[in-house]
Amino acid sequence: MTQSVDVSQRPARSTWRLGPTELVFVALFAILAISAVLVGMRGSNLFSTGNLVDMLTRSSLLGFIAIGQTFAILCRSLDLSVGYVVALTSLIAATTMAGQADRIVLGVVAVLVISALIGLANGLIITVLKVNPFITTLGMGLIIKGYLDTQYQGPAGDVPREFQQFGYTRLGFLPLSTAVMLVIAVAGILFLRKSRTGYHMFAVGGNAEVARMSGIRTGRVMITAHVLCSLCAGMAGLLIAARFGTGSSLVYNSLYELDSIAAVVLGGTLLLGGRGGIAGTIGGVLILAVLDTVFNIMQVDPFFKDVLRGVIIIAAVAIYARRQLDRRARRDRFNGDGGGGGGAGRDDGGGGGSDPPVPPATPVPAGSGTARTAQGGDT
Amino acid sequence: MTNVTLTRRGDQARTAAGRLFGGGSGTVFALLLLICVVISFVNVTFFEPPSLMAFAKTVAPLVLLAIGQYFVIVSGELDLSVGSLVGAQVVIAARLIDGEESRTIPVLLLMIAFGALVGLINGLITTLLKVQSLITTLGMMLVLFGAVRLWTGGAPTGALSEAFRQPGRGGIDLPVVRQLPWALVILVVFVVAAIALMRSSYGKTLIATGDNERAAAYSGARVWQVRTTAFVLSSVMATFAAVLIGGFAGVTAQVGQGLEFSAITAVVLGGVVLGGGRGTVIGAMGGALTLQALFTLFNQLALPSTIRPAAQGVIIIAAVAYAARERSRPVASTEPALSRDSESRSTT
């Protein structure tokens with residue numbers, strides 16, 4: 001519950017400290033400005049319609065997946081199966097539609113139902129069978145991969161021309177797919193900020209045990225997050241089908257699951273759950289898209305992009321981790337909840353948190369432990 | 001000071017290790033036995049020494065990777081970079097050796113140094129900069145993947161020397177087994193070394209760190225050093241796996257792909273809990289053997305190789321669900337000896 005209180009107090013905090021979401025967009029604008037100068041020195045315009053369309057088109061596909069991934073990561077889970085769900089749903093869409101315009105609705109419904117079922121299965125395995133989310137979704141991804149490899153050797157199905165419009169139509173410089181992605185992002189933000197389940201996601205991600213004791217049905221929240229995550233991946237699959245005009249199983253080679261996690265984390269959402277949001281994620285997606293576009297314009301070696309992307313992701317998380325430590329140290333000093341603050345930061349990987357926490361009868365003063373002195377010295 | 005405060009935990013670990021040989025690690029080895037029985041029904045020639053030796057050759061790299069991954073996982077972290085590190089090392093070897101026998105040893109030493117450096121960077125970023133290991137090693141995976149291709153211009157160049165390929169494909173000619181592969185010799189050395197390491201005070205500190213980081217720190221363990229060393233060990237093991245894989249399979253652009261997930265599957269199948277503190281290195285090795293035996297069984301049954309990932313997925317979920325069931329099962333809490341017994345069983 002404390003986490004949801006944190007959320008409502010965020011505006012107050014940002015008056016004295018830049019929140020992570022604001023930081024992401026500051027970084028985005030800084031990158032845009034630097035890129036515009038660099039591209040300008042080569043004699044072209046970063047903000048020409050062609051380049052803008054390129055940036056926004058790149059962002060839409062990853063955007064869908066990353067929005068879904070945000071829900072999962074907020075609940076201190078994660079979803080490694082999204083890349084395979086995208087591939088599977090693109091095939092389902094293309095084979096169900098089979099080139100006929102009157103089967104479009106059927107195809108879309110089939111994709112959404114199947115992706116929701118995959119999310120439901122993920123959620124149930126995590127909550128009922130108590131399997132670590134990493135393992136659950138990795139296993140689910142491998143199962144889908146095995147099915148795809150066995151069943152489909154190459155592209156299959158045919159997407160009718162009407163549905164391909166979803167991939168290519170533009171409103172001015174804004175591609176339709178990006179507009180849809182932004183609408184879903186806004187819906188997601190409203191869901192997290194205004195709905196009860198949205199608040200509960202922050203609570204469960206912050207501390208599942210405390211959330212459970214406060215009367216939240218943590219299992220349902222976790223399942224909802226995974227269903228939403230897979231649904232978003234299903235929408236990305238629809239977009240792939242619309243762009244390619246056919247379904248392709250090889251989409252999973254693009255490692256969208258890792259890209260989406262990178263975008264979410266770049267957007268300031270804590271991998272340990274409970275903090276962050278979709279606005280930041282969109283910022284992260286846009287940063288990656290801008291970098292890709294700029295590298296394309298400047299004809300940087302594509303492999304150098306991978307190197308740089310790896311460095312950026314690590315650097316971003318290191319910066320967030322530093323800020324997080326500062327904040328926690330400050331909270332310790334003024335509120336005296338050293339045990340709680342430290343407990344939330346433990347990265348035991350699993351959602352279970354099976355080992356007993358430090359006994360509350362002996363609160364640890366800030367700066368007494370070896371680990372803590374190092375942190376305290378930062379401020 | 002470290003020794004005094006960790007003695008009790010050390011005793012516990014020692015009794016747990018003792019139970020392990022007494023049949024505690026049951027699950028994974030029972031599964032391995034079951035698979036072997038099924039294989040013997042399908043194709044009894046599999047158990048003739050030469051084909052067993054061939055199996056040892058294929059399984060050795062996975063066991064090495066599983067040992068390395070075990071060190072990291074039991075300390076509470078995760079290493080996703082081993083797959084691309086294997087790929088990078090093979091490509092580096094091919095490019096630097098370029099078919100010249102005399103360069104084999106220097107390049108081997110260089111590879112080990114490079115592996116240790118990668119592990120050191122992973123470990124320091126994770127422990128000192130407080131970046132979650134998932135992100136650190138994911139970033140490292142991207143960096144290695146891109147850097148190696150940037151360096152070679154997309155496709156691997158050069159060639160491995162014959163001496164370099166010996167450990168992976170060669171062996172000693174013997175009467176019964178026809179050929180005792182070097183890979184098996186190397187494997188046995190590392191298995192013994194890993195078991196010895198886990199029985200040393202470092203191994204116990206490693207498990208203690210994964211079990212409860214704070215308690216370990218208060219007991220005098222230098223958590224960051226312990227974890228960083230685990231990452232270095234993982235990367236060095238990946239380097240040796242790369243030598244074996246390069247020798248066995250040669251140089252391709254795809255070498256190493258997906259190996260990190262195979263290694264994690266093997267470790268988890270061996271009953272090691274993601275999040276740290278539970279599980280034995282022998283279990284992890286058993287997991288690797290079981291996974292490879294299962295793939296062999298699929299081959300014997302002439303199943304399409306494309307079904308492997310699906311089977312791997314089902315296994316990994318089932319294994320962890322099974323372990324979670326054991327852990328969450330209510331035990332007689334009034335009987336401390338009994339509950340401790342069942343707990344230690346679930347760890348193996």
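The values are calculated or read from the model by the stated rules, or taken from the named source; none is laboratory data. The structure presented is a predicted model; accordingly, all values stated were derived computationally and were not measured. Reconstructed Cβ throughout: ideal geometry from the backbone, glycine too, with neighbour counts over all protein chains shown. When the accessible area is computed, the model is the full protein with side chains, heavy atoms only, and any ligands, DNA or RNA have been set aside. Shrake-Rupley method; radii C 1.70, N 1.55, O 1.52, S 1.80 Å.
Quick notes on this structure:
- Heavy-atom accessible area ranking, 1.4 Å probe, most first, across A:His226, A:His200: A:His200, A:His226
- Taking a point 7 Å out from the Cα of A:Arg170 in the direction of its Cβ, the residues of the stretch A:290-310 whose backbone N falls within less than 17 Å of it are A:290, A:293-294, A:297.
- Using every pair of distinct Cα positions in the stretch B:119-227, the Kirkwood expression returns a hydrodynamic radius of 17.9 angstrom.
- Buried solvent-accessible surface, both chains (B, A), 1.4 Å probe, Å² to nearest 100: 4200
- Entry comment: accessible area of the stretch B:2-347 is 41 Å² per residue, from protein heavy atoms only and a probe of 1.4 Å.
- Charge tally for B:Arg308 (other residues, Cβ to Cβ under 12 Å; Lys, Arg +1; Asp, Glu -1): 0.
- With the gyration tensor restricted to C-alpha atoms of the stretch B:29-131, the semi-axes of the equivalent ellipsoid amount to 33, 24, 9 Å, longest first.
- Those residues of the stretch A:236-266 for which accessible area with every protein chain present is at least 50 Å² below the isolated value (1.4 Å probe): A:Leu258
- Rounded FRET efficiency, nearest 0.05, which uses the C-beta distance separating A:Arg212 from B:Ala193 and R0 of 56 Å: 0.80
- Using the Cβ of A:Cys229 as centre and a radius below 12 Å, the other residues enclosed give a net charge of -2, where K and R count +1 and D and E count -1.
- Virtual paramagnetic centre 7 Å along Cα→Cβ of A:Asp158, amide N under 19 Å, in the stretch A:85-120: A:90-108
- Under 28 Å from A:Lys130, Cα to Cα: lysines that are on another chain or at least 8 residues apart: A:Lys145, B:Lys130, B:Lys204
- Each label point was placed 7 Å from the Cα along the Cα-to-Cβ direction; for A:Arg220 and A:Gln299 their separation is 5.9 nm.
- Carbon/sulfur fraction of accessible area - the stretch B:20-104, other protein chains in place, 1.4 Å, %: 69
- Of the three principal axes defined by the Cα atoms of chain B, the extents in descending order read 66, 53, 36 Å.
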